[in-house]
Amino acid sequence: MVPTKLKRDNYLVWKALFAPIFRRYKLTGILDGTEVCPPPFLLDSSGHSTGAPNPAFEAWYEKDQNILIWLNSTLSEEIIPFTVGVSSSRELWINLEQRFGGVSAVHIHQLRTRLHSVQKGDLSISAYIQQIKGISDALMAAGAPIF
């Protein structure tokens with residue numbers, strides 16, 4: 001569903017590709033923590049576990065693990081080591097956001113410098129324009145559009 005593998009330098013674009021998928025399948029709450037994991041077992045009227053499996057937990061857990069599989073399937077080999085020990089989609093989402101989501105002034109400056117130094121060289125016109133568009137899109141995603 002997401003054709004782009006997450007690398008160190010494309011987090012914002014990668015994240016933007018997932019947003020409509022999560023909205024469409026109503027999965028955003030699992031990632032942002034608003035859809036909290038139900039208890040694994042049903043509770044009695046006093047709040048104690050009955051030992052009976054909770055169907056709400058089963059449904060939530062299945063969605064969580066599907067998201068985790070989707071996310072993991074789009075990670076480049078250089079990113080996979082950062083996922084060791086992660087067992088939930090929210091945990092992975094937060095982990096990746098903390099590592100790669102910070103848009104710093106330095107990053108924006110680097111993108112602008114790359115944009116100013118793009119040269120056609122032996123690239124086809126299509127490849128040259130695509131390179132410019134990629135940098136422009138990254139600036140837009142970082143909240144620093146080109147004027």
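FYI, it's all coordinate maths here, none of it is from the lab. All of these numbers come straight from a predicted model, not from anything done at the bench. As a convention, Cβ positions derive from the backbone with ideal geometry for all residues, glycine included, and neighbour counts pool all protein chains shown.
Distance distribution P(r), segment 11-100, all Cα-Cα pairs, bin width 5 angstrom from 0: 3, 12, 22, 22, 16, 11, 7, 5, 3, 0 percent. Not counting the cut sites, what is the longest span of the chain without GluC sites (Glu not before Pro) that DSSP labels loop and that have at most 13 other Cβ atoms within 10 Å? In the chain, the maximal stretch lacking such sites is 1-76. The lysine pair tally for the chain, using Cα distances under 14 Å and a gap of 8 or more places or different chains, is 4.
For the chain, the longest principal axis of the C-alpha atoms and the axis of helix 89-100 are separated by about 30°. In this structure, the amide hydrogen of residue 75, modeled 1.01 Å from its nitrogen in the peptide plane, lies closer than 5 angstrom to those of 6, counting only residues at least 5 positions away or on a different chain. Between 102, 29, 51, the residue with the greatest mean-square fluctuation in the GNM of the chain (Cα pairs under 10 Å linked by springs) is 51. Ordering 6, 17, 27 from the fewest to the most neighbouring beta carbons within 10 Å gives 17, 27, 6. Mean-square fluctuations from a GNM of the chain, with a 10 angstrom spring cutoff on Cα atoms, peak among 112, 90, 23 at 23.
Provide 107, 116 in ascending order of the number of other Cβ atoms located within 10 Å of each residue's Cβ, fewest first.
Fewest-to-most Cβ neighbours within 10 Å comes out as 116, 107.
Using only side-chain charges placed at the Cβ, +1 for Lys and Arg and -1 for Asp and Glu, the dipole size of segment 11-100 relative to its Cα centre rounds to 320 debye.
What FRET efficiency, computed as 1/(1 + (r/R0)^6) with R0 = 41 Å and r the Cβ-Cβ distance, is obtained for residue 118 and residue 25, rounded to the nearest 0.05? It comes to 0.65.
Using alpha carbons only, how many degrees (0 to 90, rounded to 10) separate the axis of helix 11-24 from the longest principal axis of the chain? It is inclined by approximately 40 degrees. Helix 105-117 and the longest principal axis of the C-alpha atoms of the chain enclose an angle of approximately 40°.
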